[in-house]
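The values are calculated or read from the model by the stated rules, or taken from the named source; none is laboratory data. None of these values were measured; they are calculated from a predicted model. Cβ: placed from backbone, ideal geometry, glycine included. Neighbour counts: every protein chain shown.
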Amino acid sequence: MATTQTEIVATNCVIKLDNAAAVPTDISGSLNSVTFAPTHGVAEWYTFSTQWKQRRIVHKDMPVTINGIYSTNAAEVAQLVENWFFGGNDSARTLYIFVPDSEVGAYVLSGEFVLGDYSVTPDAEADDVVRIEINLMPDNVVTRSTNAT
Amino acid sequence: MTTHSTVQLDALVTVIEGKLDDISGSVVGMKEGIADHRTIMVYGSEFEGAQNSRTDRNTFGGGLRLRRYVVSVDVYSRPSSQLDEDITAAQQDSYSVIAILEAQSTSPAFGLSGVHTFHWTGKLGVFPYAGAEYWGSKFALEFLCH
C-alpha cells in the first residue's frame, strides 16, 4: 500500500467573495475556517418483489459555512457580509474557495451564493476577538476545477 | 475604521513599570538584588504566538496572529520578621498594585494601542529569594494583543 505524499494543511487556503461591485475580494486574512458540504438529495422507494430500498440522486447542493474575525475594514469578511445584508441588494455573489492555496494546480470550488444568515456574539468576558459565523447557500451550479493562473 | 498597531512585549513591560512607579517608595524594574523595600519586578513570563490556535496563525495565510502575553509583577514587600507587620505591608502593597490595575478601565489597557483584552490575578505570600524569605505579592497580568 502506498503512503500518501500529497496530504495538505489548510493554513493557506484562499477564499474570495464578490463585493457589492462584483469584484472578487480576498477575505482569507479575516477568515479562519470554512466548511463546504456537497450534498445529494436522494429519492428513496421500495417496490414489490424485493426487500431492498432503492435510491436515486435527485439534486445537488453545497452549503458553505465560514468562520471569521469581526473587523472594521470594508474589504474584510465581516463588513463585506454586513454591507451585503443591509445594502439593499440580496442577489447572489460569487464565492471562490481555493484549497490548499491559490497556486497553480490548487483546487477551486466556485459558484454563485446567497447569504443565508450570519451571527456575531460580542462578549465582554471573552479574552478573544469578536468572531462571525456566516452561512452561504449556492444559487445554481457549483463547479470544481483546477486553478490554472 | 479602527486600526491596531502591533504590541511589543518590551513596550508592554515598560508601560506597566511606568504605572507601578506611581506607588510611592517603590523600586520598580529588573534589579541586581533586593536592596530596597518595596521592590517590584516586572517581566514577561508567558508568550503565545496565536491565541487559541494550534498553528502559528489565526486566519488563513497568517493574516492575523493574536498574541497572548503574561507579564509578571512580583512585589517583595519586606523580609520575614514580624508576622503582623509583614502581612500588613504585603497587603498594603497589593492594594496599591490592585488600584493601578483597576484604573485600567478604558480601552486600550495601559494606553497601548493593540492591547485587546486584559485580565489579572494575584496572590499574597512568602517568596524565597537568595536564601531569604520575603512577604509580598505576585500578580500575573494576561494580555491579548494584536
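Quick check: anything in region B:70-92 without any contact (Cβ under 8 Å) to a residue 40 or more places away in the chain, within 30 Å of A:N32 (Cβ to Cβ) and within 14 Å of chain A (Cβ to nearest Cβ)?
Within region B:70-92, not a single residue is without any contact (Cβ under 8 Å) to a residue 40 or more places away in the chain, within 30 Å of A:N32 (Cβ to Cβ) and within 14 Å of chain A (Cβ to nearest Cβ).
Please specify each residue of region A:14-23 satisfying the condition of being surrounded by 16 or more Cβ atoms within 10 Å (Cβ to Cβ), of a type outside the set (D, E, K, R) and away from chain B (no Cβ under 14 Å).
Selection gives A:N19 alone.
Scan A:D26, A:D61 and give me the residue that is away from chain B (no Cβ under 14 Å) and within 18 Å of the chain's Cα centre (by Cα).
Numbers: A:D26 fails: away from chain B (no Cβ under 14 Å).
Testing whether each residue is away from chain B (no Cβ under 14 Å) and within 18 Å of the chain's Cα centre (by Cα) leaves just A:D61.
With the requirement that a residue be within 14 Å of chain B (Cβ to nearest Cβ), out of contact with any helix residue (DSSP H, G or I) (no Cβ under 6 Å at 6 or more places or on another chain) and under 24 Å from A:V23 (Cβ atoms), what does region A:101-133 give you? First the steps, then the outcome.
Within region A:101-133, the first condition is being within 14 Å of chain B (Cβ to nearest Cβ), and the residues that meet it are A:101-103, A:106, A:122-132.
If we keep only those that are out of contact with any helix residue (DSSP H, G or I) (no Cβ under 6 Å at 6 or more places or on another chain) too, we end up with A:101-103, A:106, A:122-131.
Matches in region A:101-133: A:D101, A:S102, A:E103, A:A106.
What number of residues in region A:104-149 are of a type outside the set (D, E, K, R), within 30 Å of B:L144 (Cβ to Cβ) and in a strand (DSSP E or B)? Spell out how you get there, then give the answer.
Taking region A:104-149 as the starting set, the residues that turn out to be of a type outside the set (D, E, K, R) are A:104-111, A:113-116, A:118-122, A:124, A:126, A:129-130, A:132, A:134-138, A:140-143, A:145-149.
Filter again for within 30 Å of B:L144 (Cβ to Cβ), leaving A:115, A:118-122, A:124, A:126, A:129-130, A:132, A:134-136.
Checking the rest, the ones that are also in a strand (DSSP E or B) come to A:115, A:118-120, A:132, A:134-136.
Going through region A:104-149 one residue at a time, the tally reaches 8.
A:I97 passes all but one of (1) closer than 18 Å to A:F113 by Cβ; (2) loosely packed, with under 15 Cβ neighbours inside 10 Å; which number fails?
Against the list (1) closer than 18 Å to A:F113 by Cβ; (2) loosely packed, with under 15 Cβ neighbours inside 10 Å, A:I97 comes up short only on (2).
Yes/no matrix, rows are residues, columns are (1) closer than 20 Å to B:F118 by Cβ; (2) in a strand (DSSP E or B); (3) modelled with pLDDT of 95 or more; (4) within 16 Å of the chain's Cα centre (by Cα):
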position: B:T2; (1), (2), (3), (4): yes, no, no, no
position: B:G25; (1), (2), (3), (4): no, no, no, no
position: B:G33; (1), (2), (3), (4): no, no, no, no
position: B:D56; (1), (2), (3), (4): no, no, no, no
position: B:S72; (1), (2), (3), (4): yes, yes, yes, yes
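From the list B:G125, B:G136, B:G61, which one is within 14 Å of chain A (Cβ to nearest Cβ) and either under 29 Å from B:T3 (Cβ atoms) or not in a loop (DSSP other than H, G, I, E, B) (or both)? Reasoning before the result, please.
Numbers: B:G125 fails: within 14 Å of chain A (Cβ to nearest Cβ); B:G136 fails: within 14 Å of chain A (Cβ to nearest Cβ).
Criteria check complete, one pass: B:G61.
I'd like to check something: does region A:22-29 contain any residue that is more than 19 Å from A:S102 (Cα to Cα) and in contact (Cβ under 8 Å) with a residue 24 or more places away in the chain?
As a first pass, look at region A:22-29 and keep what is more than 19 Å from A:S102 (Cα to Cα): A:22.
Imposing the further condition that a residue be in contact (Cβ under 8 Å) with a residue 24 or more places away in the chain reduces the set to A:22.
Yes, the conditions are met somewhere in region A:22-29.
Among the residues of region B:95-115, is there at least one that is farther than 25 Å from B:A11 by Cβ, more than 14 Å from chain A (Cβ to nearest Cβ) and surrounded by 14 or more Cβ atoms within 10 Å (Cβ to Cβ)?
From region B:95-115, those farther than 25 Å from B:A11 by Cβ are B:95; that's our starting set.
Okay, now just the ones that are also more than 14 Å from chain A (Cβ to nearest Cβ), so B:95.
The next check asks that each one be surrounded by 14 or more Cβ atoms within 10 Å (Cβ to Cβ); those that pass are none.
No, region B:95-115 contains no residue that is farther than 25 Å from B:A11 by Cβ, more than 14 Å from chain A (Cβ to nearest Cβ) and surrounded by 14 or more Cβ atoms within 10 Å (Cβ to Cβ).
Could you please give the count of residues in region B:38-58 that are more than 14 Å from every other protein chain (Cβ to nearest Cβ) and either crowded, with 18+ Cβ neighbours inside 10 Å or of a type in the set (V, I, T) (or both)?
Let us first name the residues in region B:38-58 that are more than 14 Å from every other protein chain (Cβ to nearest Cβ), namely B:38-45, B:47.
Cutting the leftovers down to either crowded, with 18+ Cβ neighbours inside 10 Å or of a type in the set (V, I, T) (or both) gives us B:38-42.
Qualifying residue count for the region: 5.
Identify the single condition in (1) outside any loop (DSSP other than H, G, I, E, B); (2) surrounded by 10 or more Cβ atoms within 10 Å (Cβ to Cβ) that A:T11 does not satisfy, given that it satisfies every other one.
With (1) outside any loop (DSSP other than H, G, I, E, B); (2) surrounded by 10 or more Cβ atoms within 10 Å (Cβ to Cβ) applied to A:T11, the lone miss is (1).
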